[in-house]
Amino acid sequence: MAIGDQDGLKPANDEFDHFLTAKKVSHEYVVGSGAHEWDFWDRYLLKALNWLPLTNQGAGVNSGHIKAN
């Protein structure tokens with residue numbers, strides 16, 4: 001999950017992060033510089049695409065970065 005530090009939805013994302021943490025759900029939550037706008041999304045969409053193993057067609061639906069509990 002990624003949210004801009006000036007995004008009006010940040011409080012809701014903070015709450016969801018706390019919920020996932022309390023439930024011991026493995027996740028990553030990043031707060032970066034920016035607001036609810038394309039400048040922020042463009043940067044973090046690129047990071048998400050780089051995170052996905054798009055070159056490994058045998059990976060199935062699991063990105064390989066998700067760990068089962």
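The values are calculated or read from the model by the stated rules, or taken from the named source; none is laboratory data. Computed from a prediction, not measured in an experiment: that's the story for all the values here. Methodologically, a virtual Cβ is constructed for each residue, glycine included, from the backbone with ideal geometry; neighbour enumeration extends over all protein chains shown.
I'd like the full set of residues that are surrounded by 14 or more Cβ atoms within 10 Å (Cβ to Cβ) and within 20 Å of Leu46 (Cα to Cα), limited to the stretch 14-31.
Of everything in the stretch 14-31, those that are surrounded by 14 or more Cβ atoms within 10 Å (Cβ to Cβ) and within 20 Å of Leu46 (Cα to Cα) turn out to be Tyr29, Val31.
With respect to the numbered conditions (1) modelled with pLDDT under 95; (2) assigned to a helix (DSSP H, G or I); (3) among the β-branched types (Val, Ile, Thr), which one is the sole condition not fulfilled by Ile66?
Every listed condition holds for Ile66 apart from (2).
If Asp7 meets every condition in (1) modelled with pLDDT of 90 or more; (2) assigned to a helix (DSSP H, G or I); (3) among the charged types (D, E, K, R) apart from one, which number is that one?
Among (1) modelled with pLDDT of 90 or more; (2) assigned to a helix (DSSP H, G or I); (3) among the charged types (D, E, K, R), Asp7 violates only (2).
May I ask you to list pairs of residues, at least six apart or on different chains, whose Cβ atoms are under 7 Å apart, with the first in the stretch 23-35 being at positive phi and modelled with pLDDT of 95 or more and the second being surrounded by 10 or more Cβ atoms within 10 Å (Cβ to Cβ) and not in a loop (DSSP other than H, G, I, E, B)?
Gly34/Gly4; Gly34/Phe40
If Lys47 meets every condition in (1) charged (D, E, K, R); (2) within 12 Å of the chain's Cα centre (by Cα); (3) at pLDDT 90 or above apart from one, which number is that one?
Exception for Lys47: condition (3).
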